[in-house]
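The values are calculated or read from the model by the stated rules, or taken from the named source; none is laboratory data. Bear in mind that the values here come from a model prediction, so they are computed numbers and not experimental data. Here the Cβ positions follow ideal geometry from the backbone for every residue, glycine too, while neighbour counts run over all protein chains shown.
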Amino acid sequence: MQHGEAVPAEVDPERPLTADGAAHVRAVAARAAVCGVQVDRIVHSGKRRAEQTAQVLAEGLRCDRVEQADGLKPSDPPDGAIEALVERDRAGSVVIVGHLPSLDRLASQPATPPWSSWCRRRRSRRRRSRCPGS
């Protein structure tokens, strides 16, 4: 998910969420909760607007694990984010809060390395593992 609307850098260089941005994220979280969405963990880029978005989502979805993850900043390549997410997450669902264009690049990655190498490592540990693209 892309972070909520943030104030311009000229107003505040850290770019926190605007009141409307926080309200929109609350609305998304409320709708997701009504639809039965449950998440085990929410990760964000570490930038203030992404962290605030993650916190608002966590409140609305009653998720107690909110963490900063490497590889989610606006200009980061997707490989670092993929490795960080798969290695840190053993099971469960994850919401990623980040930025464009890195989220677009991350979402467009096929199920090939590093995913496939991660799956091979997992299969060697547990033969019954199901992995994307296997």
Taking only the range 69-91 into account, find how many residues are modelled with pLDDT of 75 or more and surrounded by fewer than 18 Cβ atoms within 10 Å (Cβ to Cβ).
-> 7
Return only the number of the condition from (1) exposed (fewer than 12 other Cβ atoms within 10 Å of the Cβ); (2) assigned to a strand (DSSP E or B) that ILE42 does not satisfy.
-> (1)
Could you list all residues from the range 99-117 that are surrounded by fewer than 18 Cβ atoms within 10 Å (Cβ to Cβ), modelled with pLDDT of 65 or more and not in a helix (DSSP H, G or I)?
-> LEU100, PRO101, SER108, GLN109, PRO110
What do you reckon, is LYS47 in contact with a Ser or Thr (Cβ under 7 Å, 6 or more places away or on another chain), within 21 Å of LEU17 (Cα to Cα) and at pLDDT 80 or above?
-> no
Residue within the range 19-36 that is in a loop (DSSP other than H, G, I, E, B), touching a Lys or Arg at 6+ places or on another chain (Cβ under 9 Å) and not hydrophobic (A, V, I, L, M, F, W, C) present | no
Which condition number in (1) of a type outside the set (D, E, K, R); (2) modelled with pLDDT under 75; (3) in contact with a helix residue (DSSP H, G or I) (Cβ under 8 Å, 6 or more places away or on another chain) is the one that VAL56 fails?
-> (2)
Given the residues ARG62, ARG26, which is the only one that is out of contact with any Cys (no Cβ under 6 Å at 6 or more places or on another chain), surrounded by 13 or more Cβ atoms within 10 Å (Cβ to Cβ) and basic (Lys, Arg)?
-> ARG26
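With respect to PRO8, is the statement that it is at pLDDT below 95, surrounded by fewer than 16 Cβ atoms within 10 Å (Cβ to Cβ) and not small (Gly, Ala, Ser) true?
When the stated conditions are applied, PRO8 does not pass them.
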